[in-house]
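Everything on this sheet refers to the single structure shown next.
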Amino acid sequence: MFDRLFYREKGLFLQSFHPATVLVYLLVLLILSLIYDHPLYLLALFLLLALLIREVDGLDAWEGFLKAGVFLMLVVMMVNPLVIRAGKTIIWHGPAVPFLGKLDISMEAVYFGAASSLRLLVIISIFCLYNLMINPDKILNLFSGVAGKSVLVMTLATRLFPTMVRDLQRIREVQQLRGVDFDTGNLWQRAKKYSGLYNVLLLSSLEGAMEIAESMQARAFGSGRRSVYSRNILRPRDFFCLGGSLLALLAAVWGLRYGYGRYSFYPEADFLIKDGTTLAVLFIVLFYLSVPLILSKGWKHCRFLKSKI
């Protein structure tokens, strides 16, 4: 069940970027999601992320992230109108409540809660895309030359939970093939069945730790300068993606300087589209952010482009 939330190598184009490229791209997306207030801009980022997650074949994993995100979204949308009283357009006059005063819900407060919830969904989707696009070991290897031992500890720590989940699922399947039914019996009987399951998991984890230690010793870890088995190479696709990310960030900063991307909720909500420049800036930012998506489509359908990037 949890296995789909972790990185899985699928041989997809979006998984072939240099880890530094992916970090820069996702960082730009995260920055834009934090500095943009305009609901239309946040919605556009959310739709772009949906297309990217679909392209990396991660809709199942995204569903798990969205379940938690939608719950938090509903909480924000319900709580915000009750505590924010700055809006002018009152849509419901409520009773007086001790310590809170009169509960007057304004349209601006509901609007602000919805926009904040949308921002939350965008941020959650960015982290989901991170899990789907890049192997965490490659990210940590970027810093291995600076702090090799610390990176090793972090690598082992980040692999601990996914490895235990996979081992637990594998052990459970083996036990079921031997006739063990974990869903039948009373509470005590099921507890005994699961205790045997966790005993095997503990033994498997200890054996895995011994194998890692033996492997490190066989590779003479810590005896000298660290060697590298494989290197990540910057390819044309990485330069295109990096260029698009930086241009999108520059276009966004330029637009924010002139008020495009900002939005005022209180005391009265602004117009969603003030003029054509609002849409023009949004289109430019989205175009540059869509470079990985465009390259992925071209890589699938154009042999010439596939040979060049």
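The table for this structure:
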{"read-out": "Qualifying residue in the stretch 143-160 (condition: more than 29 Å from L66 (Cα to Cα) and in contact with a Leu (Cβ under 7 Å, 6 or more places away or on another chain))", "value": "yes"}
{"read-out": "Condition met for D270 (modelled with pLDDT under 90, on the phi < 0 side of the Ramachandran plot and acidic (D, E))", "value": "yes"}
{"read-out": "Output for the stretch 39-59, where each listed residue is of a type in the set (F, W, Y) and under 12 Å from the mean Cα position of the chain (by Cα)", "value": "F46"}
{"read-out": "Candidate set from the stretch 231-244 (those that are loosely packed, with under 13 Cβ neighbours inside 10 Å and touching a helix residue (DSSP H, G or I) at 6+ places or on another chain (Cβ under 9 Å)); member that is modelled with the highest pLDDT", "value": "G243"}
{"read-out": "Looking only at the stretch 103-153, and only at residues there that are among the polar types (S, T, N, Q) and either touching a residue at least 40 places away in the same chain (Cβ under 8 Å) or in contact with a Gly (Cβ under 6 Å, 6 or more places away or on another chain) (or both), the one that is farthest from E63 (Cα to Cα)", "value": "S144"}
{"read-out": "Hey, L51 more than 28 Å from G244 (Cβ to Cβ), surrounded by fewer than 18 Cβ atoms within 10 Å (Cβ to Cβ) and in the same structural domain as Y7 (by TED's automatic domain parsing) or not", "value": "no"}
{"read-out": "Cβ pairs under 6 Å, 6+ apart, first in the stretch 253-273 and surrounded by 15 or more Cβ atoms within 10 Å (Cβ to Cβ), second polar (S, T, N, Q)", "value": "Y260/T278"}
{"read-out": "Residue match in the stretch 168-184 (condition: of a type in the set (V, I, T) and in a helix (DSSP H, G or I))", "value": "yes"}
{"read-out": "Residues (surrounded by 23 or more Cβ atoms within 10 Å (Cβ to Cβ) and either among the small types (G, A, S) or more than 16 Å from the chain's Cα centre (by Cα) (or both)) located in the stretch 116-139", "value": "S125"}
{"read-out": "Exclusive hit being within 24 Å of T21 (Cβ to Cβ) and without any contact (Cβ under 8 Å) to a residue 60 or more places away in the chain, set F239, F182", "value": "F239"}
{"read-out": "The listed residue being surrounded by fewer than 16 Cβ atoms within 10 Å (Cβ to Cβ) and within 22 Å of L246 (Cβ to Cβ), out of I91, I31", "value": "I31"}
{"read-out": "Which numbered condition G224 fails, given (1) more than 23 Å from D57 (Cα to Cα); (2) among the small types (G, A, S); (3) assigned by TED's automatic domain parsing to the domain that holds V24", "value": "(3)"}
{"read-out": "Answer residue from the stretch 288-308, given it is farther than 17 Å from V56 by Cβ and touching a residue at least 12 places away in the same chain (Cβ under 8 Å) and is surrounded by the fewest Cβ atoms within 10 Å (Cβ to Cβ) among those", "value": "K308"}
{"read-out": "Condition check for L72: under 17 Å from N131 (Cα atoms) and surrounded by 12 or more Cβ atoms within 10 Å (Cβ to Cβ)", "value": "no"}
{"read-out": "Meets criteria (modelled with pLDDT of 85 or more and under 30 Å from F71 (Cβ atoms)) for Y111", "value": "no"}
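The values are calculated or read from the model by the stated rules, or taken from the named source; none is laboratory data. Remember, it's a predicted structure, so these values are computed and weren't measured experimentally. Methodologically, a virtual Cβ is constructed for each residue, glycine included, from the backbone with ideal geometry; neighbour enumeration extends over all protein chains shown.
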